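Note sheet for the following structure.
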Amino acid sequence: MTRVVVDPVTRIEGHLRIEAEVNGGAVSEAWSSSTMFRGVELILKGRDPRDAWAFTQRICGVCTTVHAIASIRAVENAIGASPPPNARLLRNLIIASQCVQDHVIHFYHLHALDWVDIVSALSADPAKTASLAQSISDWPLSSATHFAAVQNRVKNFVERGQLGPFANAYWGHSAYKLPAEANLMAVAHYLEALDWQREFIRIHAVLGGKNPHLQGFLVGGAATPVDPDQQASINMGSIAGMRDMIARARDFVTRVYIPDLLAVASFYTDWAGYGGGVGNYLVYGEYPEDDGPQPQLFFPSGVIRNRDLTAVEPFDPEKITEHIKHSWYDYAGGDDGGLHPFNGETRPNYTGPEPPYERLDTDGKYSWLKSPRYDGEPMEVGPLSRMLVAYGSGHPRVQELVGSVLDKLKVGPEVLFSTLGRVAARGIETLVLAERMEGWLDELAANMASDLRIHDNEKWEPSSWPSECSGAGFHEAPRGALGHWVHIEDGAIRNYQCVVPSTWNAGPRDAAGKRGPYEEALLGTPVADAGQPLEILRTVHSFDPCMACGVHVVDTKRRELARVRIP
Amino acid sequence: MSSDRPVPLLVLGLGNLLCGDDGLGAVAVHLLQRRYRVPDGVSVLDGGTLGLSLLPYLEEAHEAILVDAIRGEGPAGSFVRLEGDEVAPAVAGRLSVHQVGVADLLEGARWRERYPSRVILLGLVPESLDLGLARTPAVEAALPELVERVVVEARELGHVFVPRSSDEMAARGSGDLSHVYGL
């Protein structure tokens, strides 16, 4: 038996450590650990709740908007503020554009390299690559000249030893199955995706100011004025500009991302049999479509247990608890119980080995992540959960697209519960959102013709709040269900808890010994070469891990991080 | 300064404000904007830990000064200046998690052949990257000097930052959140 340690497994921010036991060429046991202490809650105590979003926004470098959204919703829920329609529509556009950008970048920048062999692209025939590309899409940049130019560029970088983002990968691994031409096509689109995201994310500058961190957030509404005729506001000109950006985004998703996804997936249909995970899916829901207290959500909330798509349960926030039996924390009431986030405690108690270490004591505490549970069960969150709940709830466009993808890959719905299903669901979600965004833009344009309100001023002053109140803010971040819980006393934050998507997915076992979603999903994953555990990365990356999101502070004692060792 | 780039000089602060000295680059650019008027042609941004999302800002710049926590010789608070080929290895060395993102950012621009014609990295040696809004005393004491070094560097590139009057310093632009962070 071989114990494989992958540390870290993200290509971008993060300190996620996977320990896996490999038996007979497949993973027989797995542990997911985050080696960073998370404790932004401690920074927020005593602060003005209206400022909380500005701090939480800095939690995660990859998803700057998501912790701001969850925070303002939690505070609004606590103090009883109701954002007006313009603010709801602006937020929907911000959230959807973040999600669309993030998913495209995840596919090309973070995940494609698990499936696409860059070095193999060097031996592709550019003319055949053009034929392949033209056979799956009418995207104009599909000429032999274009692919030859990309190939040359890659060649230059490889010859100079400047692999850059493509360094530290397992080029030539036997698990890479794409023909050279498909690899070259994917590399070309990787570079185009960088260009595309650069253009598309300018929509955030329109929505939230010319700053990499959006400044348009405000408890009770939005800070970005809307007025059809005012220069300094979101006006008819900015609406037209955004309409153009959304149309281009939809075009790229429809004609590049989705065809690439299908082309790559068709060589990896065996991955529909791996990476299943816990089979329970949790969605808080997102994109309010009206301004009532319980709005209709474009992506519905819900819970699926044991892969039963016919029985989507309503989501009940009271059923969320966090456990610390295997996490480096103490609870006042002991290690075996779970706490609802309103009563959450963040008291670190590191009992792990002094870094650097060979392996974790996985019988004891082994992660800085807590173990969130819903009604006592581990839950997967993210695009797959959202698409499954939408599918099971009768969302017409999701049902149509899921059906069409399954048809094209010639597989049945059971393949959704897998690594490949996660990759496909992310693409479907991207397309559904890219299509829906224009509708929200139209609604914003129509609404602001007669209603310029962007903020609920009635609850701005702390004197208008109860002396003690608490609230929860739910959001579907690109990576999944995100919740913030705030308790306010005399106008200041008394307690604050965040339960982030990567905690749901990457958390350790609970007191009952139930594995977290990563841990469960890795069981049975084939590993051809324990020294190059590419297959483990595939399944973990299919969840889109974001450890800077799951945990917030690095352990500075650990510097040698990018390594794979076989103890 | 012939360039097709709309921004002649980008001053980009990097790091996580929530992680002690890790945020010194972000803090430095806030201080810079408080103390100086930003001249035409210069864009000063707090890039936080946004990594690849900063690509549009980097690629529209003809030249760039990055301000960051840098592992280097000397005690905490020591000034470090790197340029050209020295920059990429310094941020790829993973002093903190955010530098992984910075490495992606620089490599992304390089692969797209949109790397600024000149990239200078200015910063301080940090002491602690632990959770907290405050910097360590050594780093905090060195921040004004770091701001001055940025000003000098910009001047050598042909961009003159003019000090603000005390009245100006007291006024804050809309959207400026630095007071929220206690800066």
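The values are calculated or read from the model by the stated rules, or taken from the named source; none is laboratory data. Note that the coordinates shown come from a computational prediction; the quantities given were computed from them, not determined experimentally. Cβ sites come from the backbone with ideal geometry, for glycine too, and all protein chains shown count toward neighbours.
Quick look at the values:
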{"quantity": "Which listed residue, of B:Pro116, B:Pro163, is surrounded by fewer than 20 Cβ atoms within 10 Å (Cβ to Cβ) and away from every other protein chain (no Cβ under 14 Å)", "calculated": "B:Pro163"}
{"quantity": "Output for the range B:88-101, where each listed residue is surrounded by 19 or more Cβ atoms within 10 Å (Cβ to Cβ) and either at pLDDT 85 or above or more than 10 Å from every other protein chain (Cβ to nearest Cβ) (or both)", "calculated": "B:Ala90, B:Val91"}
{"quantity": "Count - residues of the range B:1-45 that are touching a Pro at 6+ places or on another chain (Cβ under 7 Å) and of a type in the set (Lys, Arg)", "calculated": "1"}
{"quantity": "Test for A:Tyr357: is it of a type outside the set (A, V, I, L, M) and part of a helix (DSSP H, G or I)", "calculated": "no"}
{"quantity": "Top-ranked residue in the range A:524-540 [being small (Gly, Ala, Ser) and at pLDDT 85 or above; ranked as nearest to the chain's Cα centre (by Cα)]", "calculated": "A:Gly524"}
{"quantity": "Number of the condition not met by A:Leu406 [criteria: (1) in contact with a strand residue (DSSP E or B) (Cβ under 7 Å, 6 or more places away or on another chain); (2) surrounded by 16 or more Cβ atoms within 10 Å (Cβ to Cβ)]", "calculated": "(1)"}
{"quantity": "The range A:492-509: number of residues that are farther than 15 Å from A:Val40 by Cα and part of a strand (DSSP E or B)", "calculated": "1"}
{"quantity": "Some residue of the range A:108-119 being more than 28 Å from A:Phe37 (Cα to Cα) and surrounded by fewer than 21 Cβ atoms within 10 Å (Cβ to Cβ)", "calculated": "yes"}
{"quantity": "In the range A:176-222, residue farthest from the other protein chains (Cβ to nearest Cβ) [restricted to those that are surrounded by fewer than 19 Cβ atoms within 10 Å (Cβ to Cβ) and hydrophobic (A, V, I, L, M, F, W, C)]", "calculated": "A:Ala180"}
{"quantity": "Residue that is farthest from the chain's Cα centre (by Cα), among those in the range A:223-250 that are within 14 Å of chain B (Cβ to nearest Cβ) and either without any contact (Cβ under 8 Å) to a residue 40 or more places away in the chain or more than 25 Å from B:Val44 (Cα to Cα) (or both)", "calculated": "A:Ala232"}
{"quantity": "Tabulated pairs, the range B:146-158, first surrounded by fewer than 23 Cβ atoms within 10 Å (Cβ to Cβ), second aromatic (Phe, Trp, Tyr) and not in a helix (DSSP H, G or I), C-beta under 6 angstrom, 6+ apart or interchain", "calculated": "B:Val151/B:Phe161"}
{"quantity": "Residue among A:Glu380, A:Glu354 that is modelled with pLDDT under 90 and farther than 22 Å from A:Glu289 by Cα", "calculated": "A:Glu354"}
{"quantity": "Only one of A:Arg373, A:Arg386 that is in contact with a Ser or Thr (Cβ under 6 Å, 6 or more places away or on another chain) and either of a type outside the set (Gly, Ala, Ser) or modelled with pLDDT under 95 (or both)", "calculated": "A:Arg373"}
{"quantity": "Sole residue being within 30 Å of A:Gln215 (Cβ to Cβ) and of a type in the set (S, T, N, Q), chosen from A:Ser123, A:Ser137, A:Ser82", "calculated": "A:Ser82"}
{"quantity": "Residue selected from the range B:166-183 under the condition more than 24 Å from B:Gly41 (Cα to Cα) and surrounded by 12 or more Cβ atoms within 10 Å (Cβ to Cβ), by the criterion farthest from the other protein chains (Cβ to nearest Cβ)", "calculated": "B:Leu183"}
{"quantity": "Filtered residues of the range A:23-56 (kept if surrounded by 24 or more Cβ atoms within 10 Å (Cβ to Cβ) and either free of Cβ contacts under 8 Å to residues at least 40 places away in the same chain or out of contact with any Phe, Trp or Tyr (no Cβ under 8 Å at 6 or more places or on another chain) (or both))", "calculated": "A:Val27, A:Pro49, A:Thr56"}
{"quantity": "Test: residue in the range A:181-197 that is polar (S, T, N, Q) and without any contact (Cβ under 8 Å) to a residue 60 or more places away in the chain", "calculated": "no"}
{"quantity": "Residue match in the range B:27-46 (condition: without any contact (Cβ under 8 Å) to a residue 40 or more places away in the chain and either touching a Cys at 6+ places or on another chain (Cβ under 6 Å) or more than 12 Å from chain A (Cβ to nearest Cβ) (or both))", "calculated": "yes"}
{"quantity": "Residue in the range B:9-23 that is out of contact with any Lys or Arg (no Cβ under 7 Å at 6 or more places or on another chain), facing chain A (nearest Cβ under 8 Å), free of Cβ contacts under 8 Å to residues at least 60 places away in the same chain and small (Gly, Ala, Ser) present", "calculated": "no"}
{"quantity": "Every residue from the range A:266-318 that is crowded, with 21+ Cβ neighbours inside 10 Å, out of contact with any Phe, Trp or Tyr (no Cβ under 8 Å at 6 or more places or on another chain) and either charged (D, E, K, R) or part of a helix (DSSP H, G or I) (or both)", "calculated": "A:Trp271, A:Ala272"}
{"quantity": "Meets criteria (surrounded by fewer than 23 Cβ atoms within 10 Å (Cβ to Cβ), at pLDDT 90 or above and within 14 Å of chain A (Cβ to nearest Cβ)) for B:Tyr57", "calculated": "yes"}
{"quantity": "Among (1) within 14 Å of chain B (Cβ to nearest Cβ); (2) hydrophobic (A, V, I, L, M, F, W, C); (3) more than 20 Å from A:Gly439 (Cα to Cα) - the single one A:Val264 does not satisfy", "calculated": "(1)"}
{"quantity": "Candidates A:Ala492, A:Ala446, A:Ala481 - the one that is under 14 Å from the mean Cα position of the chain (by Cα) and at pLDDT 95 or above", "calculated": "A:Ala481"}
{"quantity": "Filtered residues of the range A:413-430 (kept if under 17 Å from A:Ile304 (Cβ atoms) and not aliphatic (A, V, I, L, M))", "calculated": "A:Pro413, A:Glu414, A:Phe417, A:Ser418, A:Gly421, A:Arg422, A:Glu429"}
{"quantity": "Subset of the range A:319-343 that is in contact with a His (Cβ under 7 Å, 6 or more places away or on another chain) and closer than 30 Å to A:Gly220 by Cα - its residue that is surrounded by the fewest Cβ atoms within 10 Å (Cβ to Cβ)", "calculated": "A:Phe342"}
{"quantity": "Checklist (1) out of contact with any Pro (no Cβ under 7 Å at 6 or more places or on another chain); (2) away from every other protein chain (no Cβ under 14 Å); (3) more than 18 Å from B:Val162 (Cα to Cα); (4) in contact (Cβ under 8 Å) with a residue 60 or more places away in the chain applied to B:Ile65, failing item", "calculated": "(3)"}
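Okay, residues lined up against (1) within 14 Å of chain B (Cβ to nearest Cβ); (2) assigned to a loop (DSSP other than H, G, I, E, B):
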site	(1), (2)
A:Leu110	yes, no
A:Val116	no, yes
A:Val119	no, no
A:Lys128	no, no
A:Ser135	no, no
A:Ala148	no, no
A:Val154	yes, no
A:Phe157	yes, no
